[in-house]
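For reference, the structure discussed in these notes is given below.
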Amino acid sequence: MAFLCKWCSSAGSDLAGVSRMEYPPNAVPITVMCSGSVSPLYIFNAFKRGADGVLVSGCHPGDCHYIKGNYYARRRIALVKKLLEFIGLEPQRFQMSWVSAAEGLKYTQIIKDFVKEIKPLGPQTKLRREK
Amino acid sequence: MRRTGVFVCHCGINIAGTVDVKKVAKELSTHPNVVHSEDYVYMCSDPGQNLISNAIKQKKLDSVVVACCSPTLHESTFRNCVKSAGVNPFHCEIANIREQCSWVHKEMEKATSKAIKITRSTVEKVTRNEPLEPISVPVTKRALVIGGGIAGIQASLDLANSGFEVVLVERSPSIGGHMIQLSETFPTLDCSQCILTPKMVEVAKHPKIKLMTYSEVQEVSGYVGNFRVKILKKPTYVDPDKCTLCDECTKVCPVVTENEFDLGLTGRRAIYIPFPQAIPASYTLDINSCPGLLPIACGKCADVCEPKAIDYDMKPKIIEMDFGAIIVATGYDLYGKENMAEYGYGKYPDVIDGLQFERLCSASGPTKGKILRPSDHKEPKEVVFIQCVGSRDPEMHCSYCSKICCMYTAKHAMLYKHHVPDGQAYIFYIDIRSGGKGYEEFVQRAVEEDSVLYLRGKVSKIFEERGKIRVWGVDTLSGKDIEIDADMVVLAMAMRPSKGAEELAKKLKIALDKDGFLAEAHPKLRPVESVTSGVFLAGAAQAPKDIPEAVAQASGAASKAIAILSQERLFHSPTVAKVNTNLCTGCGMCVSVCPYEALSLKDGKVEVKEVLCEGCGTCSATCLRAAIQVKNLTPRQVYDMINASLGG
């Protein structure tokens, strides 16, 4: 599950598409307005629904379309990361990245690395709620 | 229950080549709320759009999902299409299965599965979309132009000549900017002052332009169409209406300080007029160098002032005004001498920068147009010009090219040769960048007609020896070390954003690029807009540029501003925050994180000023009680999207 901000990361992933860069199809994107709007509850919810990994990606610090939304995201995500580690989730499963609208290649690389890192961990069952 | 239609585009083979579009349409047809699902080769074509309109009418659809390319491309196409078929445009959403799916994957099965997930997730989103209407606000038909250089002057004149009121704010005592300091301009060798002063006079006399010099923007609030700006008018201590420009005050002033206009090559008094053609034509008392405003401290200038124009009791004034659009044209400064120790700039008086050389050449300059070196006022016979000083040097200085130096250095060498025909001009360069109308020919003219010697290489060291400035460099074309005993050295310093641009950018909520220049909204397609709607950029504040480019950008910015000012009302995206007052406890956490000051507390509850809200959703992620949400991207919608994306 990849939460991409509309202005930088989603545009960056669009650029990856335009440039026909290939990456694994494992990440399903949800475009949000700003990484600052990604509530911790979205992240927990994604894990609860069985996501094997969650990525939050926004504009580079200082370049936020909404001036400072990604700074809030950064602080919030740092806490979420600690909490997830505390409850025993493998830290690799939750990542944050900064991808600008010009960084299609970086987005591609991030998804590739992410998938490579979490594949050996197998399916995430810790937070998954069985239906 | 919603009646949603799903339309899957093949985009020729762009999507259909990797995604089984038929399967996507089929799978989606069984999704809850979907009553119609089909695929077509080009949805954005007229027949494709007709397909959507017809389905809306026949199947009584109330929402539409188009699975196609990125919403940045055809979202508005499809929203307009559903609107004309009678459906609220905010009930149409785009599922991006091209850029974020078919173009980046190769295996059909996996790409199809991902496309289905993306489309399902979008259907879930649209199911809870509210029908919205754009928010409309009236427009204040007045523009603010910040910076009175050539770009600000041009933008002001264009706006005023289109019939709009303009306030031009300039922080120094006169408009004119750096262009008024220049001697001649490339490639025509027009006298800079001769072509600029008519425009300056026009600004001063224009009934639609209110000129505020010695003033600074202090605070900006509001939004496109209705900015509220506080402007600080600093006291000049001289009433321009009474001043007769008799110049008696400067004769008695006991203070001599550095003259900014001549870049320190001459001095000026504490009470001064920056240059003879200054606009407004009036004197300014500089309190930083004046011994004191109390008549007991000095008071000589007021004593001799016959029309009693000098008023020591003048106070700073804050003027508050509303504007519909703002143009920022704050210009450039040269890279500071403190950064260029290796070239002896600031240490040796005869090592000067390009702007100082302009003053030496200028007919109105300290030497009345004779090129005399600063140290002993002798005519220099060997002059070394060095390009790329501070530019194109990512390790030590600025990584970018300052763009104008190749041209003005050629001009400098040429002007020098015109003034001192028996002298020799050397130019050290890395590359010659002479793109522009008549520019390459101009450089060739310097080489062929004025025998300027171009040396391709960098200068390693400059030091003084026996009254000469020894320049050590290398000519990389011949591979030889070069040693020149020069009488004067002129450095083509890098251009930097002017001092204070950063604070101003913060006030205007506009972005800076990595080098501190004001950032445009899109490097190719929106070069005069800032990221904040209604704030436009002009001139060297945005990037190094020469006069014609600055003028062109200023006219571009003015016409963008006119596009706003000529509207009666403006429309604002209605996907803004909304408060559930039953849940809101008035804790104010969202108020403090809002980047746009769109939220405030009223009677213990948060209130959204919709025209200020940009819909970023930072408030929503901060609220502990889910009391504030952005319309059409609520947490509930995101949960449904997550659920659909992860396979139900």
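The values are calculated or read from the model by the stated rules, or taken from the named source; none is laboratory data. Here the structure is a predicted model, which means the values were calculated and not measured. Quick reminder, even Gly has a Cβ in these numbers, built from the backbone with ideal geometry, and neighbours come from all protein chains shown. With ligands, DNA and RNA removed, areas are computed over all heavy atoms of the protein, side chains included. Shrake-Rupley method; radii C 1.70, N 1.55, O 1.52, S 1.80 Å.
Residue-by-condition table, conditions (1) farther than 26 Å from B:Gln218 by Cβ; (2) surrounded by 22 or more Cβ atoms within 10 Å (Cβ to Cβ); (3) touching a residue at least 40 places away in the same chain (Cβ under 8 Å); (4) among the hydroxyl-bearing types (Ser, Thr, Tyr):
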residue: B:Thr284; (1), (2), (3), (4): no, yes, yes, yes
residue: B:Pro295; (1), (2), (3), (4): yes, no, no, no
residue: B:Asp303; (1), (2), (3), (4): yes, no, yes, no
residue: B:Thr330; (1), (2), (3), (4): no, yes, yes, yes
residue: B:Asp333; (1), (2), (3), (4): no, no, yes, no
residue: B:Gly346; (1), (2), (3), (4): yes, no, no, no
residue: B:Pro349; (1), (2), (3), (4): yes, no, no, no
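Of all the criteria given as (1) at pLDDT 95 or above; (2) crowded, with 22+ Cβ neighbours inside 10 Å; (3) not polar (S, T, N, Q), the one not satisfied by B:Lys317 is (2). Among the residues of the stretch A:3-27, write down those that are open to solvent by 10 Å² or more (accessible area, probe 1.4 Å), within 20 Å of B:Ile15 (Cα to Cα) and not hydroxyl-bearing (Ser, Thr, Tyr). The answer is A:Ala11, A:Asp14, A:Leu15, A:Val18, A:Arg20, A:Met21, A:Glu22, A:Pro24, A:Pro25, A:Asn26, A:Ala27. Among the residues of the stretch B:269-282, none qualifies, meaning not one is crowded, with 17+ Cβ neighbours inside 10 Å and on the phi > 0 side of the Ramachandran plot.
Those strands (runs of 3 or more DSSP E) of the stretch B:92-166 in which 2 or more residues are away from chain A (no Cβ under 14 Å), under 30 Å from B:Leu518 (Cα atoms) and in contact (Cβ under 8 Å) with a residue 12 or more places away in the chain occupy B:135-138, B:142-146.
Spot the failing condition for A:Arg49; the list is (1) in contact (Cβ under 8 Å) with a residue 40 or more places away in the chain; (2) closer than 23 Å to B:Leu512 by Cα, and only one is missed. A:Arg49 satisfies every listed condition except (2). Taking the stretch B:53-70 as the range and being open to solvent by less than 50 Å² (accessible area, probe 1.4 Å) and in contact with a strand residue (DSSP E or B) (Cβ under 6 Å, 6 or more places away or on another chain) as the test, the residues that pass are B:Ala55, B:Leu61, B:Ser63, B:Val64, B:Val65, B:Val66, B:Ala67, B:Cys68, B:Ser70. Of everything listed in (1) among the small types (Gly, Ala, Ser); (2) at negative phi; (3) surrounded by fewer than 21 Cβ atoms within 10 Å (Cβ to Cβ), the single unmet condition for A:Gly62 is (2).
Among the residues of the stretch B:3-50, those that are surrounded by fewer than 17 Cβ atoms within 10 Å (Cβ to Cβ), part of a loop (DSSP other than H, G, I, E, B) and on the phi < 0 side of the Ramachandran plot comprise B:Arg3, B:Ile13, B:Gly17, B:Thr30, B:Pro32, B:Val41, B:Tyr42, B:Ser45.
Check the stretch B:563-570 and report whether any residue there is away from every other protein chain (no Cβ under 14 Å) and in contact with a Ser or Thr (Cβ under 6 Å, 6 or more places away or on another chain). Step through it out loud before you land on a result.
Just the residues of the stretch B:563-570 that are away from every other protein chain (no Cβ under 14 Å), to begin with: B:563-570.
With in contact with a Ser or Thr (Cβ under 6 Å, 6 or more places away or on another chain) added as a condition, the list becomes B:569.
So far as the stretch B:563-570 goes, yes, one or more of its residues are away from every other protein chain (no Cβ under 14 Å) and in contact with a Ser or Thr (Cβ under 6 Å, 6 or more places away or on another chain).
Filtered by the rule that a residue be within 32 Å of the chain's Cα centre (by Cα), under 20 Å from B:Arg128 (Cα atoms) and not aliphatic (A, V, I, L, M), the stretch B:620-631 gives B:Ser620, B:Lys631.
Summed over the stretch B:172-220, residues that are touching a Phe, Trp or Tyr at 6+ places or on another chain (Cβ under 7 Å) and on the phi > 0 side of the Ramachandran plot total 0. If the condition is being open to solvent by 70 Å² or more (accessible area, probe 1.4 Å) and within 25 Å of B:Glu520 (Cβ to Cβ), then the stretch A:65-87 contributes only A:Tyr71.
Looking at B:Lys230, B:Lys205, just one residue is open to solvent by 50 Å² or more (accessible area, probe 1.4 Å) and under 24 Å from the mean Cα position of the chain (by Cα), and that residue is B:Lys230.
Across the stretch A:89-124, what is the total count of residues that are within 18 Å of A:Thr31 (Cα to Cα) and without any contact (Cβ under 8 Å) to a residue 12 or more places away in the chain? Steps first, please.
Applying the first criterion (within 18 Å of A:Thr31 (Cα to Cα)) to the stretch A:89-124 yields A:94-104, A:106-108, A:110-111.
With the extra rule that they be without any contact (Cβ under 8 Å) to a residue 12 or more places away in the chain, the set shrinks to none.
Number of matching residues: 0.
Out of the residues in the stretch B:580-602 meeting the condition of being within 14 Å of chain A (Cβ to nearest Cβ) and out of contact with any Cys (no Cβ under 9 Å at 6 or more places or on another chain), tell me which one is most open to solvent (accessible area, probe 1.4 Å).
Step one: filter the stretch B:580-602 for residues within 14 Å of chain A (Cβ to nearest Cβ), giving B:589-599.
Then drop every residue that is not out of contact with any Cys (no Cβ under 9 Å at 6 or more places or on another chain), which leaves B:592, B:597.
Numbers: B:Ser592: 81, B:Glu597: 127 Å².
Only one residue fits best here, namely B:Glu597.
Quick check on the stretch A:113-129. Is at least one of its residues of a type in the set (Ser, Thr, Tyr) and surrounded by 12 or more Cβ atoms within 10 Å (Cβ to Cβ)? Checked against the condition, which is being of a type in the set (Ser, Thr, Tyr) and surrounded by 12 or more Cβ atoms within 10 Å (Cβ to Cβ), the stretch A:113-129 yields no hits at all. Taking the criterion of being in contact (Cβ under 8 Å) with a residue 60 or more places away in the chain, farther than 18 Å from A:His65 by Cα and either open to solvent by less than 30 Å² (accessible area, probe 1.4 Å) or at the interface with chain A (Cβ under 10 Å from one of its Cβ atoms) (or both), the residues of the stretch B:603-637 that qualify are B:Asn632, B:Thr634, B:Gln637.
May I ask you to list the residues in the stretch B:256-276 that are over 18 Å from B:Leu360 (Cα atoms) and either in contact with a Pro (Cβ under 9 Å, 6 or more places away or on another chain) or not in a strand (DSSP E or B) (or both)? Step through it out loud before you land on a result.
Step one: list which residues in the stretch B:256-276 are over 18 Å from B:Leu360 (Cα atoms), which gives B:256-257, B:269-273.
B:Val256, B:Arg269, B:Ala270, B:Tyr272, B:Ile273 - these are the residues of the stretch B:256-276 that are over 18 Å from B:Leu360 (Cα atoms) and either in contact with a Pro (Cβ under 9 Å, 6 or more places away or on another chain) or not in a strand (DSSP E or B) (or both).
Only one of the numbered conditions (1) open to solvent by less than 50 Å² (accessible area, probe 1.4 Å); (2) modelled with pLDDT under 95; (3) over 11 Å from the mean Cα position of the chain (by Cα) is not met by B:Ile564, and that is (2).
So which of B:Ala550, B:Ala557, B:Ala577, B:Ala541 ends up being touching a Pro at 6+ places or on another chain (Cβ under 7 Å), open to solvent by less than 20 Å² (accessible area, probe 1.4 Å) and modelled with pLDDT of 95 or more?
On the way: B:Ala550 fails: touching a Pro at 6+ places or on another chain (Cβ under 7 Å); B:Ala557 fails: touching a Pro at 6+ places or on another chain (Cβ under 7 Å); B:Ala577 fails: touching a Pro at 6+ places or on another chain (Cβ under 7 Å).
Among B:Ala550, B:Ala557, B:Ala577, B:Ala541, only B:Ala541 is touching a Pro at 6+ places or on another chain (Cβ under 7 Å), open to solvent by less than 20 Å² (accessible area, probe 1.4 Å) and modelled with pLDDT of 95 or more.
Between B:Lys210, B:Lys251, the distinction of being open to solvent by 50 Å² or more (accessible area, probe 1.4 Å) and not in a strand (DSSP E or B) belongs to B:Lys251 only. Just one of (1) within 34 Å of the chain's Cα centre (by Cα); (2) farther than 25 Å from B:Ser121 by Cβ fails for B:Thr581. It is (1).
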